[in-house]
Every structure is written in structure tokens, then in C-alpha cells.
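What follows is calculated from the coordinates using simple rules that are stated; it is not laboratory data. Quantities reported herein were computed from a predicted structural model and do not represent experimental measurements. Note: ideal-geometry Cβ built from the backbone for every residue, glycine included; neighbour counts use all protein chains shown.
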């Protein structure tokens with residue numbers, strides 16, 4: 001009977017001192033290697049590595065060589081290697097049971113036509129996507145995937161990819177609304193993330209296109225959920241009260257106040273971009289940065305108000321990594337996941353303290369958040385004289401990029417003149 005094993009194919013060196021991972025088949029002292037990459041439909045993982053990243057099979061492993069922990073995504077890759085070895089072993093066992101003479105050509109044909117779902121569980125596929133995103137340095141998207149994965153685990157922990165149909169989505173929506181008390185905007189974000197993951201599963205050929213549950217005639221996110229951003233801008237008199245509050249420098253309340261005002265004075269800069277803003281992004285006259293979400297290039301003039309805030313943090317904080325604000329510290333927050341978690345906790349702390357500041361300015365019912373600063377900037381700009389055909393009233397996710405595009409189209413100096421009207425409060 002022929003034998004199979006998963007090995008590092010050292011008979012042929014690839015680039016970067018790497019070798020391909022292969023299924024080695026041996027029959028009558030003849031060997032043939034089948035590269036794992038040619039046997040699977042999911043091409044998002046790379047089955048090649050250096051000798052140092054490979055652990056050859058020992059006697060008790062039954063021919064299953066594995067990636068070492070030093071190899072990125074080693075868990076996901078090893079799961080696939082084990083599945084392919086099991087599949088090949090079953091083919092050989094069937095030959096033996098049916099009395100079929102072994103042939104390398106017949107075996108290869110049976111091996112390639114076998115459609116083994118490498119990942120069937122929704123949770124496992126989410127884990128794979130998270131690992132890939134982290135490897136790509138996309139901390140924000142990875143973090144959102146992790147959040148939705150965690151919620152889905154509570155909703156239906158053992159769900160398969162094939163379970164995600166229209167009824168599943170309707171039940172998931174009902175559960176988030178009634179059990180978690182989520183609003184439509186939150187549910188919409190989670191549903192769009194799940195939609196993105198299902199699209200990727202179809203691209204990886206783990207699901208068939210005709211099983212796609214989203215769309216106008218199936219589960220329509222746009223039709224079922226009201227995901228329009230509510231107008232949450234506040235009047236300039238309330239921003240004036242917040243600005244005039246005398247707080248002890250270095251306290252959490254003072255930090256929340258400064259972050260809110262900095263966003264307001266910097267054209268509604270998003271919290272994630274404030275988090276990663278570095279001193280190298282700042283000249284004597286301008287702030288230059290690339291928005292994390294849209295990759296749009298921003299150039300914001302420094303005014304006397306934003307300069308005051310920048311001067312304070314430059315004098316009082318010196319962080320590893322050169323960050324302006326004491327949110328990310330590379331000595332502590334090393335991995336992208338740690339940085340994302342830190343950003344989330346810092347944002348929550350700032351928003352919690354903004355609620356306290358609302359009470360201090362005599363506005364206990366005012367829902368003050370970092371988002372309010374962005375919305376208030378756009379609305380304040382409009383009220384200061386900007387033409388409504390160029391300025392949107394809010395800076396929600398659907399309109400931030402559009403709004404910034406409009407701002408970039410104005411003649412140099414026009415925006416600054418309008419800002420002077422609204423910042424002099």
C-alpha cells in the first residue's frame with residue numbers, strides 16, 4: 001500500500017531560502033510530491049517556509065509535519081495540513097478496500113477533485129480572517145471582526161458557514177435588538193461586517209454563490225435597518241462653556257476636554273487619527289495625516305487654538321513612538337491588537353468623561369461624545385457662512401470623506417476665514 005506524509009520539500013529551494021510544503025506520496029520506493037498550495041482552493045495562506053519554521057513529523061505524528069509557532073498563522077495552516085493528510089489517507093484506504101491498484105496519476109486525479117471544506121465553522125473562518133488582517137497591519141478591521149466574532153459566539157457558537165441564511169440573519173438582527181438592546185446603526189455595522197466575511201468565504205470557495213443570503217431580494221441591510229447618522233451637533237455656546245472650564249491639567253477630565261476641542265479645531269479629526277498622530281506629521285504651520293479609514297490625505301492649518309493644545313502635550317508628554325497624545329505607548333502596546341484594544345478603552349474613557357463635563361457646564365442631558373465634536377465642526381462651519389451646497393451638516397461614516405473632499409475644493413484661505421468666525425467663542 002502507498003503511504004503519504006506532509007513534508008517540507010527540500011528537493012527544490014524557492015526564493016528567500018524557503019521550501020514548499022508538500023504531500024509526499026511513496027509507492028514501491030518511488031516518491032512524488034504534491035505542493036499543498038496546488039491542492040487547495042483557499043489561496044490566502046502561503047504553504048512555504050524556511051527550515052527553521054518547520055517541524056518534521058515524528059513517529060507518533062503519523063506523517064504529519066507541521067509549521068512551528070514562529071510561522072505566522074501556524075494554527076490555521078496546520079489545520080489545513082492535517083485535513084489534507086486525512087483526505088489523502090482515506091483515498092488510499094478506499095483503494096485498499098476496493099482492491100484498486102495504486103497509480104500516481106489516478107491518485108493525483110482523486111486528490112485534486114476532492115472538494116474538502118477546509119473550514120466549515122463560522123467562528124473558525126472569523127479567526128482566519130482576523131489573523132490575515134493582523135498580518136496585514138489592518139488593526140481597525142481586525143478589531144471589528146473580533147467584536148462581531150465575539151457577538152456571534154454568544155448568539156450561535158457552533159454555527160457553520162452554511163448556516164448563514166436569510167432566517168439566520170433575521171434571527172441575529174432580532175437577538176441584537178432585543179437581547180443586546182442595540183440600535184439600528186449598531187446592528188447595521190455588525191451585519192455589514194458579517195456580509196463582508198461571507199463575501200470572502202464565497203471568494204475562497206467555501207460557500208457557493210447561490211447560497212449568498214444578502215441582497216435586495218434576500219436580506220437587505222438598507223431596507224431593514226435605519227443606518228442614517230443622527231444629527232448630533234451642538235451650538236457654539238455649549239462649546240464655549242466647555243472651552244472655558246478650568247480643569248486640573250493631567251486629569252482625565254482635562255484630557256477629555258482637550259481631545260474634544262482638538263478634534264473640533266482640526267476639522268473634526270477622528271479619534272483613531274488623533275490616537276496615531278505623530279509629531280513628525282506636524283510642521284510649524286500645518287498638520288498632515290492620512291485618515292485610517294479612507295486613506296485620504298489631509299492637510300490642516302494649525303490655528304492659535306489647536307497650537308495651544310499641541311504646545312501643552314509637547315511640553316508635558318514624551319512617548320515612545322513619537323505620538324502626540326498619551327494614548328498609544330509602544331513600550332506597552334506592542335502588537336496591533338494591543339493598540340486597537342487600547343484605542344477602544346481610551347475612547348470609552350474620553351466619552352465617559354465628556355458626559356461628566358456636560359454636567360459641569362450645566363447641561364446634564366447633553367450627550368457629549370467625540371463624535372459630537374466632528375458634527376459640530378461641520379454644522380458650525382455652515383452656520384458661519386459656508387455655502388450649504390459644499391458643506392454637509394454632519395460627519396457620519398457615510399459623509400466624512402465626501403465632506404473632506406468638498407473642503408479641499410475651496411480656495412485657499414476661505415475655510416480659515418469661516419473657521420475664525422466659529423472658533424472665536
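Size estimate for the stretch 1-125 follows the Kirkwood approach: the inverse of mean 1/r over distinct Cα pairs works out to 15.2 Å. Dimensions of the stretch 181-221 along the principal axes, based on C-alpha atoms and rounded to the nearest Å, stand at 34, 20, 12, largest first. Each semi-axis of the equivalent ellipsoid for the stretch 53-151 is √(5λ) with λ an eigenvalue of the Cα gyration tensor; in descending order they amount to 34, 17, 11 Å. At an R0 of 51 angstrom, the distance between the Cβ atoms of residue 26 and residue 155 translates into a FRET efficiency of 0.60. When the label point is put 7 Å from the Cα of residue 293 along its Cα-to-beta-carbon vector, which residues of the stretch 354-377 have a backbone N closer than 19 Å? 368-377, by backbone N distance to the label point. Packing around the peptides 186-196, 26-36, 318-328, taken as the average count of other Cβ atoms within 10 Å per residue, puts them in this order, highest first: 186-196, 318-328, 26-36. For the stretch 11-84 versus the stretch 327-342, the inter-centroid distance based on Cα atoms is 33 Å. Here the stretch 122-224 was treated as a single set of alpha-carbon atoms; its pair distances binned every 5 Å from 0 give 2, 12, 24, 26, 21, 11, 3, 0 percent. Averaging 1/r over each pair of different alpha-carbon atoms in the stretch 201-275 and inverting the result gives 16.9 Å, the Kirkwood hydrodynamic radius.
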